[in-house]
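Peer 1: Here you go, one structure.
The values are calculated or read from the model by the stated rules, or taken from the named source; none is laboratory data. If you're wondering where the values come from, they're calculated on a predicted model, not measured in any experiment. In this analysis, Cβ positions are derived from the backbone assuming ideal geometry, glycine residues included, and neighbour counts consider all displayed protein chains. What goes into the accessible areas is simple: the full protein's heavy atoms, side chains included, and nothing from ligands, DNA or RNA. Shrake-Rupley method; radii C 1.70, N 1.55, O 1.52, S 1.80 Å.
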Amino acid sequence: MTRNAFKYCPMCCTELTTRNENGVARPTCPKCGFVHYRNPSPAAGAVIFDNGRILLVRRAHEPYVGKWTIPAGFMEWTESPEETTVREILEETNLKIGLDGLFHVYSGDDDPRTRAVLILYFATCTGGSLRAGDDAAEARWFSESDLPADDEIAFESHRLALRKLRTEYPERFKT
Ligand SMILES: [Zn+2]
């Protein structure tokens with residue numbers, strides 16, 4: 001696996017060597033001592049229901065361009081997951097939301113850019129009018145009966161989240 005793998009030291013440009021640390025191979029700089037701790041990337045998003053329908057967005061970019069997801073995005077360096085969620089939903093759907101608590105956390109290994117950790121909150125729309133933007137080509141509400149098929153949904157974590165919502169929170173899909 002080579003995702004997020006440095007070949008050269010990002011601090012001093014020396015070719016990295018591999019050092020074994022407690023059974024984990026760590027790319028390490030023989031010159032300045034930099035150690036590359038390769039960690040998953042956290043992302044956050046919101047499960048938003050309105051009148052029995054859930055809000056999904058269609059991806060405007062690769063990977064999985066054209067597939068649907070629960071609105072979410074990667075955390076910026078300075079953000080809390082809650083701040084990421086509010087920002088991403090505004091960017092992708094033009095809706096303002098209030099968070100209602102944690103739904104679930106997923107670990108994902110089907111993003112070619114990185115391993116991801118997806119933090120999903122329940123949220124309620126508090127303002128704005130639905131309009132797709134930023135990484136979303138389209139944003140719309142889905143009732144349970146017209147949810148996209150699994151092969152139209154990007155990322156296993158989003159498929160699992162929708163399955164969990166349907167089986168454990170069926171009342172959310174009722175009008
Ligand atoms: Zn270095």
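Peer 1: Looking only at segment 67-100, how many residues end up being over 22 Å from ARG38 (Cβ atoms) and open to solvent by 30 Å² or more (accessible area, probe 1.4 Å)?
Peer 2: Final tally of qualifying residues: 12.
Peer 1: Please verify whether ASN20 is more than 16 Å from the ligand (Cβ to nearest atom), outside any strand (DSSP E or B) and not aliphatic (A, V, I, L, M), treating the condition exactly as stated.
Peer 2: Criteria not met by ASN20.
Peer 1: For ASP50, work out the one condition from (1) under 30 Å from ALA161 (Cα atoms); (2) within 16 Å of the ligand (Cβ to nearest atom); (3) acidic (Asp, Glu) it doesn't fulfil.
Peer 2: Failing condition for ASP50: (2).
Peer 1: Okay, next question. Return yes when ASP146 is surrounded by 15 or more Cβ atoms within 10 Å (Cβ to Cβ) and out of contact with any strand residue (DSSP E or B) (no Cβ under 6 Å at 6 or more places or on another chain) and no when it is not.
Peer 2: Here the answer is no, as ASP146 does not meet what is asked.
Peer 1: Still on this model: Scanning for something assigned to a strand (DSSP E or B), in contact (Cβ under 8 Å) with a residue 12 or more places away in the chain, in contact with a helix residue (DSSP H, G or I) (Cβ under 9 Å, 6 or more places away or on another chain) and open to solvent by 40 Å² or more (accessible area, probe 1.4 Å), does segment 38-47 turn up at least one residue? Spell out the reasoning first.
Peer 2: Keep residues of segment 38-47 that are assigned to a strand (DSSP E or B), which gives 41-47.
Filter once more, so that each one left must be in contact (Cβ under 8 Å) with a residue 12 or more places away in the chain: 41-47.
Still in the list and also in contact with a helix residue (DSSP H, G or I) (Cβ under 9 Å, 6 or more places away or on another chain): 42-47.
Then keep just the ones that are open to solvent by 40 Å² or more (accessible area, probe 1.4 Å); that gives 42.
Yes: one or more hits.
Peer 1: All but one of (1) over 30 Å from ARG166 (Cβ atoms); (2) under 24 Å from the mean Cα position of the chain (by Cα); (3) exposed (fewer than 13 other Cβ atoms within 10 Å of the Cβ) hold for ASN22; state the number of the condition that does not hold.
Peer 2: The one condition ASN22 does not meet is (2).
Peer 1: Can you find a residue that is in a helix (DSSP H, G or I) and surrounded by 15 or more Cβ atoms within 10 Å (Cβ to Cβ) anywhere in segment 122-137?
Peer 2: no
Peer 1: Let me ask something additional. Select, from CYS29, CYS9, CYS13, the only residue that is within 16 Å of the ligand (Cβ to nearest atom) and open to solvent by 20 Å² or more (accessible area, probe 1.4 Å).
Peer 2: Of the residues listed, the single one that is within 16 Å of the ligand (Cβ to nearest atom) and open to solvent by 20 Å² or more (accessible area, probe 1.4 Å) is CYS13.
Peer 1: Residues in segment 34-43: is at least one touching a His at 6+ places or on another chain (Cβ under 6 Å) and either modelled with pLDDT of 95 or more or more than 16 Å from the ligand (Cβ to nearest atom) (or both)?
Peer 2: no
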